[in-house]
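Asks: Handing you a structure now.
Nothing in this text is a laboratory measurement; each read-out follows from the coordinates by a stated rule. These numbers were taken from a predicted model, which means no experiment stands behind them. Note: ideal-geometry Cβ built from the backbone for every residue, glycine included; neighbour counts use all protein chains shown.
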Amino acid sequence: MGFPIPDPYVWDHSFRTFYNAVDDEHKSLFNGIFQLGQHDNTDNLAELRRCTGKHFLNEQRLMLGSQYPDLAAHTKAHDDFIHHLDHWKGDVAYAKDWLVQHIKTIDFKYRGRI
Ligand SMILES: [Fe+2]
Ligand SMILES: [Fe+2]
């Protein structure tokens, strides 16, 4: 349940946070998961892990800088996904769903507040 998963798995305007840097990073995560869905190999997994780590740190830095109240819970959600990538079992469907639901339910809460 939740928000629909784009097919093909590509970022669209319904995912806009209106922070250009964040939106560009989200596009890179969509692309990384798309690529992993095409070829589940160590190069694609490493690239997704790199983009994801970079994006989460950036988002957490923005929230910290504006004293965003839900930083701790948001960071926990990020850490859970990183853990999933670091113990990757090939579940691309999980990654696709996680990113969609995370952006539209958790990330969207900081819009206009960071
Ligand atoms: Fe987030
Ligand atoms: Fe995000």
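Asks: Looking at the range 89-114, which of its residues are aliphatic (A, V, I, L, M), within 10 Å of ligand 1 (Cβ to nearest atom) and in contact (Cβ under 8 Å) with a residue 60 or more places away in the chain?
Replies: Scanning the range 89-114 gives Leu99, Ile103.
Asks: Let me ask something additional. Which ones in the range 37-57 are over 23 Å from Pro6 (Cβ atoms) and among the polar types (S, T, N, Q)?
Replies: Listed by number, the list holds a single entry, Thr42.
Asks: Can you name the condition, by its number, that Thr75 falls short on among (1) farther than 22 Å from Arg113 by Cβ; (2) within 16 Å of ligand 2 (Cβ to nearest atom); (3) of a type in the set (Ser, Thr, Tyr)?
Replies: (1)
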